[in-house]
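What follows draws every value from the coordinates through simple rules; no lab data is involved. As the structure is a computational prediction, the values presented were derived from the model and not from experiment. Here Cβ is always computed from backbone atoms with ideal geometry, including for glycine, and neighbour counts include all displayed protein chains.
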Amino acid sequence: MPEELQKRSISQQLSHRLLPVAASIGLLIALLFPATYYWLEHRTLRHTANIYAQILAEEVEELVFNEPDLWKYQTYKYIEILQDFKTVNEITEMALQDEKGKEITELSQTTANAGKWWNWNAPVESWPITYNNRQVGKVILKVSERTVFVKSAVILSVSLVIGIGLALLAYRFPLRVVWKVEGELDKTIDKLSRSNTELEQFAYIASHDLQEPLRMVSSYVKLLARRYQEQLGPEADEYIGFAVDGASRMQTLINDLLTYSRVNTRGKELARIDSGRVLRDVVQNLKLAIEEQGAEITHDTLPTVTADYSQLGQLFQNLIGNAIKFHGDAPPRVHITAEKQGDECFFSVRDNGIGISAEHYERIFQIFQRLHTRTEYPGSGIGLAVCKKIIERHGGRIWLTSTEGSGTTFYFTLAA
Amino acid sequence: MNDPYKCGPVEILLVEDNPGDVRLTMEAFKEGKIYHNLRVAGDGEEALAQLRREGAHAEHPLPDLILLDLNLPKKNGSEVLHAIKRDEALKRIPVVILTTSAAEQDVVKAYDLHANCYITKPVDLDQFITIIKSIESFWLTVVKLPVGI
């Protein structure tokens with residue numbers, strides 16, 4: 001099964017992160033409006049209180065003017081003024097102070113609204129009482145914040161509703177978008193899975209059902225040879241040879257196609273593996289060919305990479321197998337190096353074989369492309385195509401340099 | 001021959017639906033040295049009818065060896081194998097699965113149903129003939145078969 005794409009986890013991660021953000025935005029908005037309103041109205045109220053204090057002070061100053069020394073003791077005159085002011089709804093408390101800042105308690109006035117809880121922050125304003133440009137006392141005045149609080153509370157409720165609404169929007173809207181995208185992604189994944197299954201089925205049918213008629217052709221032609229060798233004449237061997245050869249090549253082609261298609265349909269999840277160990281296994285597999293050709297395989301220390309173990313094995317086996325097969329006069333010498341650069345590993349497989357001319361560099365990676373006749377070198381021409389597909393599956397690159405007559409070096413990259 | 005008192009041919013039942021494969025098997029057995037009689041059943045039902053000596057097969061002796069293909073029409077090979085190994089009269093007969101499939105699940109299933117061995121038919125004729133000869137040699141000369149079924 002090719003790399004499993006994660007379904008739905010992006011939106012889950014997003015919703016976890018989004019919730020506190022959306023809640024904060026909502027809360028912020030919910031608190032912002034009433035806070036601003038309260039602050040503005042509080043200022044206005046202070047200003048109002050200030051004016052009241054000023055007016056009160058002026059009225060008191062008129063009386064002070066009449067009796068500048070004894071005004072503090074003439075309480076009855078001031079009561080009248082203060083009673084008048086008491087009718088003003090916003091005023092909760094009034095007090096007069098003498099020049100020493102001591103409150104003249106007989107004149108202190110409070111209304112029913114004084115001391116209520118909503119007046120905890122109620123503005124307190126004062127205005128000096130002056131006579132002959134000299135301060136002889138002070139008016140202290142408190143106003144009620146009741147209406148301001150009520151209005152702020154109303155605005156708070158409304159903006160809470162709006163805030164919750166906005167928070168929900170901020171939460172749901174991006175999630176909706178992501179869900180939609182994920183939905184599309186899931187559909188694509190399903191399509192790909194179905195396509196993959198179809199490909200696998202097709203490959204199975206190709207390998208299984210095509211081979212039976214091939215087997216019949218090949219077997220009966222050979223049976224003909226076995227039973228009627230003498231009776232068929234000298235050319236018969238040749239004819240039979242071509243027929244049988246054709247059938248067996250068809251067989252190999254089918255198997256190769258299967259191998260090629262299975263790079264993706266049977267690819268396993270990429271994991272951290274020791275490429276040195278893979279190479280050791282491959283050299284073991286190629287023991288016979290190595291001994292036959294007197295080949296020598298050397299390598300640097302090979303690193304850990306992120307890959308599919310068996311596919312990396314296929315890759316090494318194809319490249320090293322080729323290096324041994326396409327040898328020149330000297331016995332094959334193959335050297336493998338690896339170098340880590342950043343988050344990639346650069347591998348090279350160098351041989352001293354017959355080399356490849358630059359004009360063929362692109363062609364050789366194509367499926368079933370061969371540069372030699374079958375009598376010169378066996379093989380169906382799928383090895384490098386499979387290598388390329390494997391590297392592509394691993395997200396890497398593969399390329400080569402070569403000198404005809406001296407040797408070839410294949411390079412490829414894998415994730416470190 | 002295993003049994004010194006039995007002087008008739010070795011009875012082999014080949015259960016195979018592909019006439020091409022049937023003929024190939026016959027030709028391969030011809031190259032062997034053993035005096036044999038090869039009977040063929042073209043599908044699972046016919047195979048069981050022969051084994052149970054139903055109708056026209058009443059006079060035929062039971063086979064000493066059964067070569068069984070897995071891909072058969074009507075009843076498939078596994079069902080036939082299961083039926084044979086469950087039948088008191090038939091379960092002693094060695095059953096050699098001879099099929100094109102190399103699939104792991106087919107092999108496991110066959111052995112689970114008590115097939116005596118599993119052979120994948122090779123693609124090449126020479127190899128096929130060699131294998132038929134080894135079947136002959138192993139099952140009919142090396143191995144001791146149960147006497148008097």
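Spin-label point model (7 Å from Cα, Cβ direction): what's the A:Arg226 to A:Ser108 distance in nm?
12.8
For chain A, what relative contact order do you get, as a whole percent, if you take Cα pairs closer than 8 Å and at least 6 residues apart?
13
List the residues whose amide H sits under 5 Å from the amide H of B:His36, counting only those 5 or more places along or on another chain, with H placed 1.01 Å from N in the peptide plane.
B:Val10
Let me check I've understood the local charge: for A:Ser275, count other residues with C-beta under 14 angstrom from its C-beta, Lys and Arg +1, Asp and Glu -1. What total comes out?
-2
Plugging the Kirkwood radius over Cα pairs into Stokes-Einstein for chain B, at a temperature of 10 °C and a viscosity of 1.306 mPa s, what D comes out in µm²/s?
It comes out at roughly 102 µm²/s.
Using amide H atoms built in the peptide plane, which far-off residues or other-chain residues are under 5 Å from A:Gln74 H to H?
none
Given a Förster radius of 35 Å and the C-beta distance between A:Glu392 and B:Gln105 as r, what FRET efficiency does 1/(1 + (r/R0)^6) yield to the nearest 0.05?
The computed FRET efficiency comes out at 0.70.
In nm, to one decimal, how far is the A:Asn133 label point from the A:Thr304 one, both placed 7 Å along Cα→Cβ?
For the pair A:Asn133/A:Thr304, the computed spacing is 9.2 nm.
Give me Rg over Rh for segment A:197-243, both radii from the alpha carbons and Rh done the Kirkwood way, two decimal places.
1.27
Among A:Phe410, A:Phe346, which comes first, then next, by fewest other beta-carbon atoms within 10 Å?
Neighbour counts put them in this order, fewest first: A:Phe346, A:Phe410.
Provide a whole-number value for the mean count of partner chain Cβ atoms within 10 Å of the Cβ atoms in peptide A:240-248.
Counting Cβ atoms of other protein chains within 10 Å of each residue's Cβ and averaging gives 1.
Mind listing the long-range amide H neighbours of A:Phe326? Cut-off is under 5 Å, sequence gap 5 or more, other chains count too, H placed in the peptide plane at 1.01 Å from N.
It is none; the list stays empty.
What average count of beta carbons from other chains do you get within 10 Å of the Cβ of residues in B:50-60?
That average works out to 0.
Which residue, A:Gly165, A:Ile155, A:Leu175, has the largest displacement toward the positive end of the dipole of segment A:121-222 when charges sit on each Cβ (Lys, Arg +1; Asp, Glu -1)?
In segment A:121-222, that residue is A:Ile155.
Within 10 Å of each residue's Cβ, count the other Cβ atoms and sort A:Asp308, A:Asp329 from fewest upward.
A:Asp329, A:Asp308
Test of understanding: ordering A:Tyr171, A:Tyr361 by Cβ neighbours within 10 Å, fewest first, what list do you get?
A:Tyr361, A:Tyr171
State the answer as a single residue: which of A:Val139, A:Ser310, A:Trp118 lies farthest towards the positive end of the charge dipole of chain A, with beta carbon charges of +1 for Lys and Arg and -1 for Asp and Glu, about the Cα centre.
A:Ser310
Mind checking the dipole of segment B:1-103: about its Cα centre, +1 per Lys or Arg Cβ, -1 per Asp or Glu Cβ, Debye to the nearest 20?
Here the size comes out at about 260 debye.
Find the percent of Cα-Cα distances in chain A that exceed 32 Å, and round it to a whole number.
The share of Cα pairs beyond 32 Å in chain A comes to 66 percent.
How many partner chain Cβ atoms sit within 10 Å of a residue's Cβ in peptide A:211-223, on average, as a whole number?
Per-residue shielding by partner chains comes out at 5.
Add +1 for every Lys or Arg and -1 for every Asp or Glu among the other residues with Cβ under 10 Å from the Cβ of A:Tyr78, and state the total.
In short, -1.
Enumerate the whole-percent occupancy of each 10 Å bin, from 0 to the last occupied one, for all C-alpha pair distances of segment A:23-66.
All Cα pairs, binned at 10 Å, distribute as 25, 25, 19, 15, 10, 6, 1 percent.
Using a Gaussian network model of chain B whose springs link C-alpha atoms within less than 10 Å, name the residue from B:His114, B:His57, B:His82 with the highest mean-square fluctuation.
Between B:His114, B:His57, B:His82, it is B:His57 that shows the largest mean-square fluctuation.
Could you compute the FRET efficiency for A:Thr188 and A:His208, with r as their C-beta to C-beta distance and R0 at 30 Å, rounded to 0.05?
So the FRET efficiency works out to roughly 0.50.
Determine the dipole magnitude for the protein assembly as shown: charges of +1 sit on the beta-carbon of Lys and Arg, -1 on that of Asp and Glu, nothing else is charged, the reference point is the Cα centre, and the result goes in debye to the nearest 20.
Charge dipole, the protein assembly as shown, about its Cα centre: 560 debye, nearest 20.
Can you tell me the relative contact order of chain B? Whole percent, Cα pairs under 8 Å, sequence separation 6 or more.
It comes to 25 percent, rounded to a whole number.
For the pairs A:Lys222/A:Lys388; A:Lys191/A:Lys325; A:Lys72/A:Lys142; A:Lys268/B:Lys109; A:Lys287/B:Lys33, note any where the Cα-Cα span goes beyond 32 Å.
Violating the 32 Å limit, Cα to Cα: A:Lys222/A:Lys388; A:Lys191/A:Lys325; A:Lys287/B:Lys33.
Against the longest alpha carbon principal axis of chain A, how many degrees, from 0 to 90 and to the nearest 10, is the axis of helix A:234-265 turned?
Approximately 10 degrees, to the nearest ten.
With unit charges on the beta carbon (Lys/Arg positive, Asp/Glu negative), name the residue among B:Gly20, A:Leu384, A:Ala295 whose Cα is farthest towards the positive pole of the charge dipole of the protein assembly as shown.
With unit charges placed on the Cβ atoms, the residue in question is B:Gly20.
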